[in-house]
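The values are calculated or read from the model by the stated rules, or taken from the named source; none is laboratory data. No experiment lies behind these values; they were computed from the predicted model shown. Positions of Cβ are generated from backbone atoms using ideal geometry, with glycine treated the same way; all protein chains shown enter the neighbour counts. Surface accessibility is based on the protein's heavy atoms, side chains included, excluding ligands, DNA and RNA. Shrake-Rupley method; radii C 1.70, N 1.55, O 1.52, S 1.80 Å.
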Amino acid sequence: MASYDLSGKNALVTGSTSGIGKATAMMLADNGARVVVAGRDKERGMAVVDAIRSRGGEAEFIPADLHDAASAKELAHRAEETVGPIDILVNNAGIAAFGPTEDFPEETFDAIMATDVKAPFYLVSELAPAMAARGSGAVVNVSSVAGSIALANSAVYGASKSALNQLTRNWAAEYGRRGVRVNAVSPGPVRTPMSAEAGESVNELVEQTPAGYMAAPEQIAAAITYLASDESSYTQGTILDVDGGRRAV
Ligand code: NAD
(Lines give C-alpha, C1' and ligand atoms only; values in the text may rest on other atoms or scores of the structure.)
Protein backbone atom coordinates (compact mmCIF):
# COMPACT_ATOMS: atom_id res chain seq x y z
CA MET A 1 0.00 0.00 0.00
CA ALA A 2 1.27 3.50 -0.85
CA SER A 3 2.17 5.71 2.07
CA TYR A 4 1.53 9.43 2.46
CA ASP A 5 2.51 12.02 5.01
CA LEU A 6 -0.68 13.22 6.67
CA SER A 7 0.91 13.93 10.03
CA GLY A 8 -0.41 17.07 11.68
CA LYS A 9 -3.60 16.97 9.57
CA ASN A 10 -7.11 16.67 10.98
CA ALA A 11 -9.58 14.70 8.86
CA LEU A 12 -13.35 14.42 9.11
CA VAL A 13 -14.88 11.37 7.40
CA THR A 14 -18.68 11.24 7.33
CA GLY A 15 -20.39 7.86 7.52
CA SER A 16 -17.17 6.21 8.66
CA THR A 17 -18.71 3.56 10.87
CA SER A 18 -18.81 1.04 7.99
CA GLY A 19 -17.84 0.28 4.40
CA ILE A 20 -15.81 2.77 2.37
CA GLY A 21 -15.88 5.41 5.11
CA LYS A 22 -14.48 3.03 7.72
CA ALA A 23 -11.70 1.87 5.37
CA THR A 24 -10.92 5.53 4.60
CA ALA A 25 -10.80 6.56 8.27
CA MET A 26 -8.39 3.68 8.97
CA MET A 27 -6.18 4.50 5.98
CA LEU A 28 -6.02 8.24 6.72
CA ALA A 29 -5.09 7.42 10.33
CA ASP A 30 -2.49 4.84 9.21
CA ASN A 31 -0.89 7.67 7.22
CA GLY A 32 -0.71 9.98 10.24
CA ALA A 33 -3.94 12.00 10.19
CA ARG A 34 -6.00 12.55 13.32
CA VAL A 35 -9.42 11.35 12.24
CA VAL A 36 -12.93 12.31 13.30
CA VAL A 37 -15.12 9.25 12.76
CA ALA A 38 -18.69 10.46 12.26
CA GLY A 39 -21.83 8.39 11.95
CA ARG A 40 -25.17 7.51 13.44
CA ASP A 41 -24.20 4.42 15.43
CA LYS A 42 -22.01 5.06 18.49
CA GLU A 43 -21.10 1.42 19.02
CA ARG A 44 -19.89 0.94 15.44
CA GLY A 45 -18.14 4.33 15.55
CA MET A 46 -16.28 3.51 18.75
CA ALA A 47 -15.25 0.15 17.26
CA VAL A 48 -13.58 2.06 14.38
CA VAL A 49 -11.94 4.50 16.82
CA ASP A 50 -10.66 1.58 18.94
CA ALA A 51 -9.30 -0.17 15.84
CA ILE A 52 -7.44 3.00 14.81
CA ARG A 53 -6.05 3.56 18.32
CA SER A 54 -4.95 -0.08 18.61
CA ARG A 55 -2.81 0.48 15.49
CA GLY A 56 -1.21 3.55 17.10
CA GLY A 57 -3.40 6.13 15.33
CA GLU A 58 -5.48 9.02 16.62
CA ALA A 59 -9.27 9.14 16.29
CA GLU A 60 -12.38 10.52 17.93
CA PHE A 61 -16.03 9.61 17.38
CA ILE A 62 -18.74 12.24 16.93
CA PRO A 63 -22.34 11.10 16.43
CA ALA A 64 -24.07 12.67 13.44
CA ASP A 65 -27.25 11.98 11.51
CA LEU A 66 -26.70 14.08 8.39
CA HIS A 67 -29.97 15.11 6.80
CA ASP A 68 -30.05 18.91 6.63
CA ALA A 69 -27.99 22.07 6.94
CA ALA A 70 -28.27 22.21 10.74
CA SER A 71 -27.00 18.65 11.28
CA ALA A 72 -24.10 19.26 8.87
CA LYS A 73 -23.13 22.53 10.53
CA GLU A 74 -23.34 20.99 13.99
CA LEU A 75 -21.00 18.16 12.98
CA ALA A 76 -18.53 20.67 11.52
CA HIS A 77 -18.54 22.71 14.75
CA ARG A 78 -18.20 19.68 17.01
CA ALA A 79 -15.38 18.27 14.89
CA GLU A 80 -13.42 21.55 15.08
CA GLU A 81 -14.11 21.85 18.80
CA THR A 82 -12.81 18.31 19.34
CA VAL A 83 -9.66 18.17 17.19
CA GLY A 84 -9.12 21.73 15.91
CA PRO A 85 -9.21 23.00 12.31
CA ILE A 86 -10.27 20.39 9.77
CA ASP A 87 -7.73 20.02 6.92
CA ILE A 88 -9.37 17.08 5.12
CA LEU A 89 -13.11 16.58 4.65
CA VAL A 90 -14.34 13.31 3.14
CA ASN A 91 -18.03 13.52 2.21
CA ASN A 92 -18.70 9.80 2.25
CA ALA A 93 -22.02 9.32 4.06
CA GLY A 94 -24.69 8.36 1.61
CA ILE A 95 -27.80 6.34 1.09
CA ALA A 96 -29.17 4.67 -2.01
CA ALA A 97 -32.53 3.34 -3.08
CA PHE A 98 -33.45 1.81 -6.41
CA GLY A 99 -36.75 1.40 -8.19
CA PRO A 100 -38.94 2.49 -11.06
CA THR A 101 -39.59 6.22 -11.38
CA GLU A 102 -43.36 5.77 -11.41
CA ASP A 103 -43.34 4.16 -7.95
CA PHE A 104 -40.60 6.17 -6.26
CA PRO A 105 -41.73 7.46 -2.81
CA GLU A 106 -41.32 11.18 -2.19
CA GLU A 107 -39.83 10.64 1.26
CA THR A 108 -37.11 8.42 -0.24
CA PHE A 109 -36.39 11.05 -2.91
CA ASP A 110 -36.04 13.69 -0.17
CA ALA A 111 -33.91 11.46 2.07
CA ILE A 112 -31.41 10.68 -0.71
CA MET A 113 -31.08 14.31 -1.71
CA ALA A 114 -30.74 15.39 1.93
CA THR A 115 -27.96 12.99 2.85
CA ASP A 116 -26.14 12.69 -0.47
CA VAL A 117 -26.32 16.34 -1.66
CA LYS A 118 -27.50 18.78 1.00
CA ALA A 119 -25.30 17.50 3.86
CA PRO A 120 -22.06 17.62 1.80
CA PHE A 121 -23.07 21.09 0.58
CA TYR A 122 -23.43 22.47 4.10
CA LEU A 123 -20.34 20.71 5.41
CA VAL A 124 -18.32 22.39 2.67
CA SER A 125 -20.08 25.68 3.31
CA GLU A 126 -19.04 25.44 6.95
CA LEU A 127 -15.48 24.08 6.59
CA ALA A 128 -14.07 25.25 3.23
CA PRO A 129 -13.98 29.00 4.03
CA ALA A 130 -11.71 28.34 7.03
CA MET A 131 -9.50 26.06 4.90
CA ALA A 132 -9.32 28.84 2.31
CA ALA A 133 -8.42 31.39 5.00
CA ARG A 134 -5.54 29.10 6.07
CA GLY A 135 -4.56 28.62 2.41
CA SER A 136 -4.84 24.83 2.35
CA GLY A 137 -7.30 22.00 2.57
CA ALA A 138 -8.65 18.99 0.71
CA VAL A 139 -12.23 17.91 0.16
CA VAL A 140 -12.96 14.49 -1.31
CA ASN A 141 -16.54 13.67 -2.25
CA VAL A 142 -17.60 10.03 -2.59
CA SER A 143 -19.69 9.88 -5.72
CA SER A 144 -20.70 6.80 -7.76
CA VAL A 145 -20.49 5.44 -11.28
CA ALA A 146 -24.28 5.74 -11.11
CA GLY A 147 -23.79 9.51 -11.31
CA SER A 148 -21.98 9.28 -14.65
CA ILE A 149 -23.74 6.51 -16.56
CA ALA A 150 -27.43 5.73 -16.95
CA LEU A 151 -28.62 2.69 -15.03
CA ALA A 152 -32.26 1.60 -15.00
CA ASN A 153 -34.04 2.05 -11.66
CA SER A 154 -31.31 4.38 -10.42
CA ALA A 155 -32.72 7.79 -11.41
CA VAL A 156 -32.74 9.52 -8.02
CA TYR A 157 -29.49 8.05 -6.71
CA GLY A 158 -27.86 8.79 -10.09
CA ALA A 159 -29.13 12.37 -10.00
CA SER A 160 -27.83 12.86 -6.46
CA LYS A 161 -24.32 11.67 -7.40
CA SER A 162 -24.42 13.68 -10.61
CA ALA A 163 -25.19 16.73 -8.48
CA LEU A 164 -22.26 15.87 -6.22
CA ASN A 165 -19.98 15.64 -9.29
CA GLN A 166 -21.07 19.10 -10.38
CA LEU A 167 -20.64 20.49 -6.85
CA THR A 168 -17.10 19.07 -6.94
CA ARG A 169 -16.32 21.10 -10.07
CA ASN A 170 -18.10 24.21 -8.77
CA TRP A 171 -16.18 24.09 -5.50
CA ALA A 172 -12.88 23.62 -7.35
CA ALA A 173 -13.69 26.85 -9.20
CA GLU A 174 -14.79 28.59 -6.00
CA TYR A 175 -12.03 27.55 -3.57
CA GLY A 176 -9.14 26.31 -5.75
CA ARG A 177 -7.30 29.63 -5.97
CA ARG A 178 -7.28 29.82 -2.19
CA GLY A 179 -5.49 26.49 -1.72
CA VAL A 180 -8.46 24.19 -1.22
CA ARG A 181 -8.47 21.22 -3.58
CA VAL A 182 -11.86 19.63 -4.18
CA ASN A 183 -12.12 16.27 -5.95
CA ALA A 184 -14.35 13.22 -6.04
CA VAL A 185 -13.91 9.48 -6.35
CA SER A 186 -16.51 7.62 -8.36
CA PRO A 187 -16.65 3.99 -7.24
CA GLY A 188 -18.21 1.12 -9.11
CA PRO A 189 -19.57 -1.86 -7.16
CA VAL A 190 -17.93 -2.18 -3.73
CA ARG A 191 -18.40 -4.91 -1.12
CA THR A 192 -20.19 -2.97 1.67
CA PRO A 193 -23.52 -3.10 3.53
CA MET A 194 -24.98 -0.75 0.88
CA SER A 195 -24.22 -3.07 -2.05
CA ALA A 196 -25.41 -6.08 -0.04
CA GLU A 197 -28.81 -4.35 0.25
CA ALA A 198 -28.94 -3.41 -3.45
CA GLY A 199 -29.42 -7.04 -4.56
CA GLU A 200 -29.37 -8.23 -8.17
CA SER A 201 -28.67 -4.83 -9.77
CA VAL A 202 -25.17 -4.86 -8.25
CA ASN A 203 -24.43 -8.29 -9.71
CA GLU A 204 -25.44 -6.97 -13.13
CA LEU A 205 -23.08 -4.04 -12.70
CA VAL A 206 -20.22 -6.39 -11.75
CA GLU A 207 -20.94 -8.43 -14.89
CA GLN A 208 -20.61 -5.28 -17.03
CA THR A 209 -17.35 -4.20 -15.39
CA PRO A 210 -13.97 -4.94 -17.04
CA ALA A 211 -12.44 -5.81 -13.65
CA GLY A 212 -15.11 -8.51 -13.29
CA TYR A 213 -15.32 -8.39 -9.50
CA MET A 214 -16.62 -6.19 -6.72
CA ALA A 215 -14.01 -3.89 -5.14
CA ALA A 216 -12.93 -4.10 -1.53
CA PRO A 217 -13.57 -0.84 0.41
CA GLU A 218 -9.80 -0.42 0.78
CA GLN A 219 -9.44 -0.07 -3.01
CA ILE A 220 -11.66 3.02 -2.88
CA ALA A 221 -10.04 4.30 0.32
CA ALA A 222 -6.65 4.21 -1.44
CA ALA A 223 -7.89 6.67 -4.09
CA ILE A 224 -9.53 8.91 -1.46
CA THR A 225 -6.31 8.98 0.58
CA TYR A 226 -4.31 9.93 -2.51
CA LEU A 227 -6.70 12.81 -3.30
CA ALA A 228 -6.57 13.94 0.35
CA SER A 229 -2.76 14.00 0.33
CA ASP A 230 -0.33 16.55 -1.09
CA GLU A 231 0.78 13.90 -3.61
CA SER A 232 -2.23 14.98 -5.69
CA SER A 233 -1.35 18.67 -5.34
CA TYR A 234 -2.14 19.59 -8.98
CA THR A 235 -5.41 17.65 -9.14
CA GLN A 236 -8.51 19.82 -8.74
CA GLY A 237 -12.16 19.39 -9.67
CA THR A 238 -11.65 15.87 -10.98
CA ILE A 239 -14.03 12.93 -10.72
CA LEU A 240 -11.69 9.96 -10.37
CA ASP A 241 -13.29 6.76 -11.65
CA VAL A 242 -12.46 3.86 -9.34
CA ASP A 243 -15.02 1.61 -10.93
CA GLY A 244 -13.13 -1.35 -12.37
CA GLY A 245 -13.45 0.30 -15.78
CA ARG A 246 -17.26 0.35 -15.93
CA ARG A 247 -17.66 3.93 -17.18
CA ALA A 248 -15.11 3.38 -19.92
CA VAL A 249 -16.98 0.54 -21.66
P1 NAD B 1 -22.34 1.83 3.82
O2 NAD B 1 -23.80 1.70 3.96
O3 NAD B 1 -21.43 0.87 4.47
O4 NAD B 1 -21.86 3.28 4.26
C5 NAD B 1 -22.64 4.41 4.19
C6 NAD B 1 -22.32 5.18 5.42
O7 NAD B 1 -23.09 6.36 5.43
C8 NAD B 1 -22.67 4.38 6.67
O9 NAD B 1 -21.67 4.53 7.64
C10 NAD B 1 -23.96 5.00 7.09
O11 NAD B 1 -24.19 4.90 8.46
C12 NAD B 1 -23.71 6.44 6.67
N13 NAD B 1 -24.96 7.19 6.60
C14 NAD B 1 -26.07 6.90 5.89
N15 NAD B 1 -27.03 7.80 6.15
C16 NAD B 1 -26.50 8.67 7.04
C17 NAD B 1 -26.99 9.80 7.71
N18 NAD B 1 -28.26 10.23 7.54
N19 NAD B 1 -26.18 10.45 8.55
C20 NAD B 1 -24.91 10.05 8.75
N21 NAD B 1 -24.39 8.96 8.17
C22 NAD B 1 -25.19 8.29 7.33
O23 NAD B 1 -22.08 1.90 2.28
P24 NAD B 1 -20.80 2.31 1.42
O25 NAD B 1 -20.90 1.52 0.21
O26 NAD B 1 -19.55 2.29 2.22
O27 NAD B 1 -21.16 3.82 1.03
C28 NAD B 1 -20.27 4.90 1.20
C29 NAD B 1 -20.41 5.86 0.04
O30 NAD B 1 -20.01 5.19 -1.16
C31 NAD B 1 -21.85 6.33 -0.22
O32 NAD B 1 -21.84 7.71 -0.50
C33 NAD B 1 -22.25 5.54 -1.45
O34 NAD B 1 -23.23 6.21 -2.20
C35 NAD B 1 -20.93 5.41 -2.17
N36 NAD B 1 -20.86 4.31 -3.15
C37 NAD B 1 -21.00 3.01 -2.77
C38 NAD B 1 -20.92 2.00 -3.72
C39 NAD B 1 -21.04 0.53 -3.38
O40 NAD B 1 -21.16 -0.30 -4.29
N41 NAD B 1 -21.04 0.14 -2.13
C42 NAD B 1 -20.69 2.33 -5.05
C43 NAD B 1 -20.56 3.66 -5.40
C44 NAD B 1 -20.63 4.63 -4.44
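Observations on the model:
- Each Lys and Arg Cβ is given +1 and each Asp and Glu Cβ -1; about its Cα centre, the stretch 68-207 then shows a dipole of about 900 debye.
- Annotation: amide H-H contacts under 5 Å for VAL35 (H modelled 1.01 Å from N, sequence separation of 5 or more, or interchain): ALA11, GLU58, ALA59, GLU60.
- 3J(HN,Hα) along the stretch 37-43, derived from phi through the Karplus expression 6.51 cos²θ - 1.76 cosθ + 1.60 where θ = phi - 60°, amounts to 8, 10, x, 8, 10, 4, 4 Hz, with x in place of Gly and Pro.
- Centre-to-centre separation between the Cα atoms of the stretch 191-223 and those of the stretch 114-157: 20 Å.
- Calculated FRET efficiency for the pair MET1/THR235, C-beta based, R₀ 25 Å, to 0.05: 0.80
- To put it simply, the accessible area of the chain at a 1.4 Å probe is 48 percent carbon and sulfur.
- Point-charge dipole on Cβ atoms (K/R +1, D/E -1) for the chain, about Cα centre, debye to 20: 760 debye
- The alpha carbons of the stretch 185-230 occupy a box of 39, 23, 13 Å along the principal axes, longest dimension given first.
- Here the Karplus curve 6.51 cos²θ - 1.76 cosθ + 1.60, taken at θ = phi - 60°, turns the phi angles of the stretch 74-90 into couplings of 5, 4, 4, 5, 5, 5, 5, 5, 7, 10, x, x, 8, 9, 10, 10, 10 Hz, with x standing for Gly and Pro.
- The longest stretch of the chain left intact once loop-based chymotrypsin sites (Phe, Trp or Tyr not before Pro) with at most 13 other Cβ atoms within 10 Å are removed from consideration, loops following DSSP, is 1-212.
- Heavy-atom surface of the stretch 10-242, accessible at 1.4 Å and reported per residue (Å²): 43 Å²
- For trypsin sites (Lys or Arg not before Pro), no site in the stretch 73-136 is both called loop by DSSP and has at most 12 other Cβ atoms within 10 Å.
- Remark: the stretch 130-141, residue by residue, has Karplus-estimated 3J(HN,Hα) of 5, 4, 4, 5, 7, x, 7, x, 9, 10, 10, 9 Hz, where x stands for each Gly or Pro and the curve is 6.51 cos²θ - 1.76 cosθ + 1.60 at θ = phi - 60°.
- Think of the chain as a dipole: +1 on every Lys or Arg Cβ, -1 on every Asp or Glu Cβ, centred on the Cα centre; then among SER3, ALA222, VAL117, SER3 lies furthest on the positive end.
- Here the simple spin-label model places points 7 Å from the Cα toward Cβ, and for GLU43 and LYS73 these points are separated by 3.4 nm.
- Rounded to the nearest angstrom and listed largest first, the equivalent-ellipsoid semi-axes of the chain from its Cα gyration tensor are 26, 19, 19.
- Full-stretch length increase - GLU174, ALA150 - with 0.36 nm per residue and alpha-carbon distance subtracted: 5.8 nm
- Choice from THR108, THR14, THR168 with maximal GNM fluctuation in the chain (Cα, 10 Å cutoff): THR108
- Sequence-distant residues sharing a close amide H with ASP241 (under 5 Å, placed H): SER186
- Low-density loop positions, trypsin sites (Lys or Arg not before Pro), the stretch 1-56 - DSSP coil, at most 15 other Cβ in 10 Å: ARG40, ARG55
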